[in-house]
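So the structure is just underneath, and the comments pick up after that.
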Amino acid sequence: MINHTTKETIAEGIKLHMVHSKKFKTILFGLYIKRPLRTEEVALNALLSRVIDQSTAHYQDSQAISQALEMNFGTLIVSDVHKYGEKQMIQIKAQIPGMEYVEDPLVYRNVFQLLNDMINHPRMIENGFDPDLFRREQEALIAEIKQRKDQKNSWVMTRCIEAMFEGEPYAIHELGTVEMVEAINPKQLMEHLLKVWTESEIDICVIGDFGDEKMRGDILESFEFKRGQIEAIQREKVMVNPLKVRRIDEPHDIAQGKICMGYRLNVPYESPLYIAAVVGNIVLGGGGSSKLFKNIREKESLCYSIYSHIEKHVSVLMVNAGVDFDKFDRVEVLVTEQVDAIRRGMFDSDELESAKKIFISNLQSLSDYPNSYMNFYYNMMITEGEVDVEQYIKRIEAVTSDMVCKAFEEIQLDSVVRLTQEVS
Amino acid sequence: MTPIVHSFFGENVHVRQLKCGLTVYLMSKPYFSKKYAFLSTQFGGFYHQYEYDGERFEASKGVAHFLEHQIFESQGKSHFEKFEALGASLNAYTSSTSTVYHFDTTENYETCLKMLVDMVFNIHITDESVEKERGIIIQEIKMYMDEPEWDLNTNLMNGLYQQHPIKEDIAGTVESVQNTTKDEIIRCYEHFYQPSNMSLFLYGDFDLEQIYALTEKLFEHEFSCVQCVKQVKPTLILPEETSQIGYLEKTMVKDVSLGMVMVGFKGNVSYFNENRYRKLGALKIANDLMFGRSSHFFKTSYDAGIVFEGFDFDIQVGDGYAMAVIGNETDHQQQIVEGILDTISYYQKNGFEEADFVRMKRKIMGRTVASFNSLQSIANNYTHLIMRNSNLFEQLESYKDISLDEVNQCVKAFYDLSKVSVSKIVKKDE
């Protein structure tokens, strides 16, 4: 249950969103810095997110920062980058125990001042970040990028996205590449920090049980906002008709084959049919009563895991499964049949109603989790603009099978990526 | 009957037993949209041998997990579909000592509860259903085998334990799943799925008395003949496990981009017979001081680029086992192993600083507050721990008055540096 939300502009291009809910014993603070997803800066943003929470002019290394956070009752700070379509967000979040529970009225302000120091007063050596700290985070990020290949279920999806969006910004992974990260130096990253802090649209979200005035005061008095020329970001291109299906087989040292089929949905989130596409996706591969689960797992016992999801910003639908190597073709045929079934309206009203219920139930329960709700809130705000859960639920209830068919009318298979067995 | 109440931090769990023998745990939590229910039986991956009504039985590896899959069999619409049609989400898991069926929902809670009870107590296991599920479970096992941590864990457990079933995967092996029969599955169902061997956990924004009355009615209907319900509980038989480890080290070469290492310490199980929660709490504080983000070990290893953010440590105590596991992704396996051993022996000798201990207690206080944010995590943890004979609230309560002396003593008493096994994954040369 969300009690109420207030939204205000506190500086040019900086909005403060205060979301009130009585059930939480912590507050979650989120700072979202919006950047365009592009080759020139993707790795700079990624590395910045790793370096920024490691020291300040006052707390000179990560051990000192960790100890300061422990003294502030185990406050957690997580700094990361995320991809929302052709946008890359630098997100810095802090989970702080509610001041009344730890009996310390200064705890929020202490943490906000620490966050401000990370951004405005970082530890500086020769106009750059501390070179030792920098090198360490650079190496760690490179290792993380290399390790993406070890998680086979997500790797197959990454490869599919790269195939579908070859040459476009969306193909870029939010961490960048090893080469991009290697090319950065400490001074350049420090300059980039100033650039993103002055030239980006910024949203600050707070969720929890707190008084507006005190929270606003704690934030405004703790953060030094600097504003310059603010960069606007374009909406992604979403309508694509693939001329033929791209196919990629990649050998790996694995016991089970992985397959990812990427479809162009061609229904932008601005379309009134978008919500029907989401419902259609749940009927197709959203859970235990979905067509993929019933027909491919339960009927044919071909796999344990099979599901589909939509990449909202670029209007793509992806199907993922883990199967035996000799069953790839069979699974592809069956998936194609099921996608076709949705397009042709071959699902009954129980399937449709069940999908709507799942969708609604997920929305209603989002407010039980501060971080999920914050991410949902932010994502809605930057796409559909308004966040009115009740209104949204009414729209889901109004989805008909005709609307789902219509939403799937333009769906086209774009790419198929398979991780096959390495022949040694 | 007066219910027993477990309380902590303003939250209460009411515990009652029904006539049929089922134990019911209820926690009312206002404002939360989702409600949760868990129906559990004391039967999990460890049960390779057990005693039932005076007789000893053997069971195939992974049979508890196979049975879990079979419970979902239905005539007509699948259980998943029936729950999802009501906006609920149904799932299950098998742990080492329990199998748990659970759902969560924002609406139709009482109907779903009826359906959950019906699903678990009215089964439809056939030759066809067993054959069909065999293929799916084999795919599940293969999926886990493709995770890079799989070999790392398996090799560590085999290094620490020689007989104890903790060595084995809960789902069994491809071979054991191939050989499991319908008769065996049904026999296990009959032995373990009796209300006296089971518990029901309900969490959410509901009226306690009303939901309890409903539960009572449901089970009276399901088990109308109380005399017919067997009050015999199966008991787990664990093989004799020596105090010695299996091997010192196992290294495996794999096609990964970064190697890994895990260090395991085999502990003395009987050490935890008394003051279990305080000892566990003290060890958790000690581990955080030795290996946490603010520790000297983490700082120096992180600065040297030999550990990364994923560095983790855990202590586990359960039926017939007690161990600490510390590990990380790294290509400097040996350096980490040495660093870990040196750190423990340093603190065993010198003890911890008062200021560090005080700071850690502030952290634990704040993290405890934060853990009560999520009903889902309370529900999951509370259920999981009760099924392991442990109590979340008592564990959290015990932190309050643990002293620095106790922490120092526990590090000396628990860590035996002669009972260490190491598992390494080394990346393949390109």
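Only one of the listed residues (A:Lys312, A:Lys299) is within 13 Å of chain B (Cβ to nearest Cβ) and basic (Lys, Arg). That residue is A:Lys299.
Considering A:Lys237, A:Lys244, A:Lys187, which residue is at pLDDT 95 or above and either in contact with a Cys (Cβ under 7 Å, 6 or more places away or on another chain) or basic (Lys, Arg) (or both)? Selected residue: A:Lys187, the only one of A:Lys237, A:Lys244, A:Lys187 that is at pLDDT 95 or above and either in contact with a Cys (Cβ under 7 Å, 6 or more places away or on another chain) or basic (Lys, Arg) (or both). Looking only at residues of region B:367-379 that are among the aliphatic types (A, V, I, L, M) and facing chain A (nearest Cβ under 7 Å), we find that the one that is surrounded by the fewest Cβ atoms within 10 Å (Cβ to Cβ) is B:Val369.
Looking across region A:238-276 at every residue that is free of Cβ contacts under 8 Å to residues at least 12 places away in the same chain and more than 25 Å from A:Lys357 (Cα to Cα), the one that is nearest to the other protein chains (Cβ to nearest Cβ) is identified as A:Ala255. Restricting B:Ile166, B:Ile185 to those that are among the β-branched types (Val, Ile, Thr) and farther than 30 Å from B:Val263 by Cβ reduces the list to B:Ile185. Only one of the listed residues (B:Ser196, B:Ser176) is at pLDDT 95 or above, part of a helix (DSSP H, G or I) and within 20 Å of B:Thr97 (Cα to Cα). That residue is B:Ser176. Counting only helices (runs of 4 or more DSSP H) wholly contained in region A:335-421, the ones carrying 3 or more residues that are away from chain B (no Cβ under 14 Å) occupy A:370-383, A:389-397, A:401-407. Can we say B:Val232 is in contact with a Ser or Thr (Cβ under 8 Å, 6 or more places away or on another chain), surrounded by 17 or more Cβ atoms within 10 Å (Cβ to Cβ) and not in a helix (DSSP H, G or I)? Spelling it out, it is not the case that B:Val232 is in contact with a Ser or Thr (Cβ under 8 Å, 6 or more places away or on another chain), surrounded by 17 or more Cβ atoms within 10 Å (Cβ to Cβ) and not in a helix (DSSP H, G or I). Only one residue in B:Ile364, B:Ile336 is touching a residue at least 60 places away in the same chain (Cβ under 8 Å), out of contact with any His (no Cβ under 8 Å at 6 or more places or on another chain), within 14 Å of chain A (Cβ to nearest Cβ) and more than 18 Å from B:Met157 (Cα to Cα). Which one? The conditions single out B:Ile364.
Checking the stated criteria, A:Gln188 turns out not to satisfy the condition of being within 14 Å of chain B (Cβ to nearest Cβ), farther than 30 Å from A:Leu243 by Cβ, in a helix (DSSP H, G or I) and among the polar types (S, T, N, Q). Total residues in region A:142-169 satisfying the condition of being over 30 Å from A:Ser55 (Cβ atoms), surrounded by fewer than 21 Cβ atoms within 10 Å (Cβ to Cβ), within 12 Å of another protein chain (Cβ to nearest Cβ) and not charged (D, E, K, R): the figure is 3.
Rundown of residues vs (1) more than 22 Å from the chain's Cα centre (by Cα); (2) of a type in the set (Phe, Trp, Tyr), yes/no style:
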residue: A:Gln113; (1), (2): yes, no
residue: A:Pro122; (1), (2): yes, no
residue: A:Lys149; (1), (2): no, no
residue: A:Tyr170; (1), (2): no, yes
residue: A:Glu179; (1), (2): yes, no
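Can you tell me which residue in region A:209-227 is farthest from the other protein chains (Cβ to nearest Cβ), limited to those that are in contact (Cβ under 8 Å) with a residue 12 or more places away in the chain and part of a loop (DSSP other than H, G, I, E, B)? By that ranking, first place goes to A:Arg227.
Let's see how each residue does on (1) of a type in the set (A, V, I, L, M, F, W, C); (2) at pLDDT below 95; (3) in contact with a Phe, Trp or Tyr (Cβ under 8 Å, 6 or more places away or on another chain); (4) within 23 Å of B:Arg388 (Cα to Cα):
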residue: B:Phe80; (1), (2), (3), (4): yes, yes, yes, no
residue: B:Glu84; (1), (2), (3), (4): no, yes, no, no
residue: B:Gly87; (1), (2), (3), (4): no, yes, no, no
residue: B:Thr94; (1), (2), (3), (4): no, no, no, yes
residue: B:Val100; (1), (2), (3), (4): yes, no, yes, yes
residue: B:Tyr109; (1), (2), (3), (4): no, no, yes, no
residue: B:Lys114; (1), (2), (3), (4): no, no, no, no
residue: B:Val120; (1), (2), (3), (4): yes, no, yes, yes
residue: B:Gly135; (1), (2), (3), (4): no, yes, no, no
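A residue that is closer than 30 Å to B:Lys427 by Cβ, crowded, with 18+ Cβ neighbours inside 10 Å, at pLDDT 90 or above and more than 9 Å from chain A (Cβ to nearest Cβ) occurs nowhere in region B:382-400.
May I ask you to list the residues in region A:82-141 that are among the small types (Gly, Ala, Ser) and within 14 Å of chain B (Cβ to nearest Cβ)?
Within region A:82-141, A:Ala94, A:Gly98, A:Ala140 meet the criteria.
For region B:183-193, the count of residues that are crowded, with 19+ Cβ neighbours inside 10 Å, in contact (Cβ under 8 Å) with a residue 12 or more places away in the chain and either within 14 Å of another protein chain (Cβ to nearest Cβ) or part of a loop (DSSP other than H, G, I, E, B) (or both) is zero. Screening region B:76-87 for residues that are more than 7 Å from chain A (Cβ to nearest Cβ) and buried (at least 20 other Cβ atoms within 10 Å of the Cβ) and picking the one that is farthest from B:Gly320 (Cα to Cα) gives B:Lys82. In this entry, B:Leu202 passes the filter for residues that are buried (at least 18 other Cβ atoms within 10 Å of the Cβ) and either in contact with a Ser or Thr (Cβ under 6 Å, 6 or more places away or on another chain) or within 23 Å of B:Ile123 (Cα to Cα) (or both).
The values are calculated or read from the model by the stated rules, or taken from the named source; none is laboratory data. Here the structure is a predicted model, which is why all the values come from computation and not from measurement. Every residue, glycine as well, gets a Cβ built from its backbone with ideal geometry; the counts of neighbours run over all protein chains shown.
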